[in-house]
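Just below is one structure, and these are the notes that go with it.
The values are calculated or read from the model by the stated rules, or taken from the named source; none is laboratory data. Just so it is clear, the model here is predicted, and its values are computed rather than measured. Methodologically, a virtual Cβ is constructed for each residue, glycine included, from the backbone with ideal geometry; neighbour enumeration extends over all protein chains shown. Protein only, heavy atoms only, side chains kept; ligands, DNA and RNA dropped before computing areas. Shrake-Rupley method; radii C 1.70, N 1.55, O 1.52, S 1.80 Å.
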Amino acid sequence: MIPSWIIIGAVTFFVALGSFFITPRDVKWFANLSRPRWLVFEPLIPVIWTVIFICGAASAYIVWEKNPGGIITWLLMALYLLVEIITVAYIPVMLRFRSLKVGEVLGLIGLISGVILAICVLPISLMAALLLLPYLIWTPIGTYTTDELKELNPQDA
């Protein structure tokens, strides 16, 4: 039998790969947007999201190991997956529609879903809930950044 950490890691990895379905034309649109002067950490964003996804997968693993195969555990795994899909969809959907508003809405939906997930996970494992903190801290920063981009680029809102 395949260990659960491998399955959770593989699902996380393959869902994250979904964000690569972006055409160069869409990336060019985003690259040409005006950015706030304080956005000096933009080159670090891929590293930040990598850490967040690893923490999320570790959190899911802890929850799974507490009650492998239980109905509540499966429902929580579905919620982990939903949060990751929303997160990964943010960039391709925003770029596809060339709409910063779409990105902002997805960011808010991701944040709300992440908070619900953390609340559901907390009674099962404090460590699993703590591993969701990077997501819960970073998502509002990303959403705020998108809002600032919207203000600087009203024609692309």
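Quick one: is Trp29 touching a helix residue (DSSP H, G or I) at 6+ places or on another chain (Cβ under 8 Å), open to solvent by 80 Å² or more (accessible area, probe 1.4 Å), assigned to a helix (DSSP H, G or I) and not charged (D, E, K, R)?
Considered against the rule, which asks whether it is touching a helix residue (DSSP H, G or I) at 6+ places or on another chain (Cβ under 8 Å), open to solvent by 80 Å² or more (accessible area, probe 1.4 Å), assigned to a helix (DSSP H, G or I) and not charged (D, E, K, R), Trp29 comes out as no.
Screening Gly18 with (1) assigned to a helix (DSSP H, G or I); (2) free of Cβ contacts under 8 Å to residues at least 60 places away in the same chain gives one miss only, at (2). Annotation: Leu39 fulfils all but one of (1) open to solvent by 40 Å² or more (accessible area, probe 1.4 Å); (2) part of a loop (DSSP other than H, G, I, E, B); the unmet one is (1). Of the residues making up region 49-102, those that are closer than 24 Å to Gly142 by Cβ, modelled with pLDDT under 95 and more than 12 Å from the chain's Cα centre (by Cα) are Pro92, Val93, Met94, Leu95, Arg96, Phe97, Arg98, Ser99, Leu100, Lys101, Val102. The residues listed here are Phe14, Phe30, Phe41, Phe53; of these, the one that is farther than 25 Å from Glu148 by Cβ and out of contact with any Cys (no Cβ under 6 Å at 6 or more places or on another chain) is Phe14.
Pairing residues of region 103-125 that are in contact (Cβ under 8 Å) with a residue 60 or more places away in the chain with residues that are hydrophobic (A, V, I, L, M, F, W, C), at Cβ distances under 6 Å and at least 6 apart in sequence or on separate chains, gives Val121/Val63; Val121/Ala128; Val121/Ala129; Ile124/Val63; Ser125/Ile62. Scan region 24-43 for residues that are more than 22 Å from Leu133 (Cα to Cα) and touching a residue at least 40 places away in the same chain (Cβ under 8 Å) and the total you get is 8.
Close contacts from region 135-157, counting a first residue that is acidic (Asp, Glu) and a second that is not in a helix (DSSP H, G or I), with Cβ to Cβ under 8 Å and a gap of 6+ residues or different chains, come to Glu148/Pro36; Glu148/Leu39; Asp156/Leu33; Asp156/Arg98; Asp156/Ser99.
Do you know which residues across region 98-116 are charged (D, E, K, R) and outside any helix (DSSP H, G or I)?
To start, the set of residues in region 98-116 that are charged (D, E, K, R) comprises 98, 101, 104.
Correct list: Arg98 only.
Condition check for Leu95 on (1) buried (at least 17 other Cβ atoms within 10 Å of the Cβ); (2) not in a helix (DSSP H, G or I): one failure, at (2).
One residue stands out among those in region 1-26 that are farther than 26 Å from Val63 by Cβ and under 21 Å from the mean Cα position of the chain (by Cα): the one that is least open to solvent (accessible area, probe 1.4 Å), which is Asp26.
Does Pro46 fit the bill of being within 29 Å of Asn153 (Cα to Cα), open to solvent by 20 Å² or more (accessible area, probe 1.4 Å) and free of Cβ contacts under 8 Å to residues at least 60 places away in the same chain? Let's see the steps before the verdict.
Values: within 29 Å of Asn153 (Cα to Cα): yes; open to solvent by 20 Å² or more (accessible area, probe 1.4 Å): yes; free of Cβ contacts under 8 Å to residues at least 60 places away in the same chain: yes.
So Pro46 fits the description; yes.
Being open to solvent by 40 Å² or more (accessible area, probe 1.4 Å), among the hydrophobic types (A, V, I, L, M, F, W, C), touching a Leu at 6+ places or on another chain (Cβ under 9 Å) and closer than 21 Å to Phe14 by Cα narrows it down to one residue among Leu117, Leu82; which is it?
On the way: Leu117 fails: open to solvent by 40 Å² or more (accessible area, probe 1.4 Å).
Testing whether each residue is open to solvent by 40 Å² or more (accessible area, probe 1.4 Å), among the hydrophobic types (A, V, I, L, M, F, W, C), touching a Leu at 6+ places or on another chain (Cβ under 9 Å) and closer than 21 Å to Phe14 by Cα leaves just Leu82.
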